[in-house]
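Peer 1: Questions regarding the structure given below will be posed in turn.
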Amino acid sequence: MVKKHILVIEDESSIADNITYALKSEGFAATWVSLGEEALQRLAASHVDLVILDVGLPDINGFEVCKTIRKNSEVPIIFLTARGEEIDRVVGLEIGGDDYVVKPFSPRELVARVKVILKRQRPQTSQVAAPKQTFTLDEEKRQISYCNSQLELTAYEYGILKLLLSQPERVFTREQLMNAVWPTPEESFDRAVDTHIKTIRAKLRAIDPNDSSLVTHRGVGYSIQLRQVHHE
């Protein structure tokens, strides 16, 4: 059985050691990082089942880390902090946190909360089959469908998505996307790519709210992770 992977983002090594020890004792795989930027890079590169996130990180505030994660991932997040004010707990939950643990705490209690959240995340059995996360590309009609639903794409959105689908998992830089899609890339800005990626992601999630096909690689560019692509 594959172990659930927990990412611990905590700058105090003694606390992190206690957490990772407790997690591993209960059969989890645990990875510890001390900086928010390092955590975001690791999340972009590998699968994680749950994140334990300290709010008071030395490089990036934990709330900001959470906001960045939520741009392209629904991975469960448990906030860990020395703050106990109600406003902080409310903010943490409102921006996408799943739970909130105030220091000092029992590592066993934290692990119990991890188990509860992961159990809640398990897909429920149903007689209705979930739609397959597949793309269908019709180059003659310049159309792309997702989960059997046609996407209403602009010319730039179509070009970006088509290029990403041509080489799944390959990371394309903003410059590569602009050179391939824009007729005069020198007249556009890098942020134009970010804007179109955001709208493509929104259109995918309008069909499947759990979609995480488009992956942001901070400081580099974008890639697409998927199961199948059908060409017509």
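The values are calculated or read from the model by the stated rules, or taken from the named source; none is laboratory data. These numbers come from a predicted model, not from an experiment. As a convention, Cβ positions derive from the backbone with ideal geometry for all residues, glycine included, and neighbour counts pool all protein chains shown. With ligands, DNA and RNA removed, areas are computed over all heavy atoms of the protein, side chains included. Shrake-Rupley method; radii C 1.70, N 1.55, O 1.52, S 1.80 Å.
Peer 1: Quick one: of the DSSP bridges fully inside the chain, what percent are antiparallel, nearest 5?
Peer 2: If we restrict to bridges inside the chain, about 35 percent are antiparallel.
Peer 1: So what is Rg over Rh here for region 1-114, counting just Cα atoms and using Kirkwood for Rh?
Peer 2: Ratio value, two decimals: 0.92.
Peer 1: Eight or more residues apart or on different chains, and alpha-carbon atoms under 17 Å: count the Lys pairs in the chain matching that.
Peer 2: 14
Peer 1: Carbon-plus-sulfur fraction of the accessible area of the chain, 1.4 Å probe, in percent? Write out the running numbers ahead of the final one.
Peer 2: Numbers: 6430 of 13160 Å².
Exposed carbon and sulfur together represent 49 percent of the surface.
Peer 1: A follow-up question, please. What is the distance, in nm, between label points placed 7 Å from the Cα along the Cα-to-Cβ direction at Ser46 and at Leu93?
Peer 2: Spacing of the two 7 Å Cα→Cβ label points: 3.2 nm.
Peer 1: For a quick size check, give me the Cα extents of the chain along its three principal axes, largest first, whole Å.
Peer 2: Its Cα atoms span 60, 48, 31 Å along the three principal axes.
Peer 1: Can I ask one more? For a quick check: with amide H placed at 1.01 Å from N, whose amide H comes under 5 Å from Tyr100's, ignoring anything fewer than 5 positions away on the same chain?
Peer 2: Phe79
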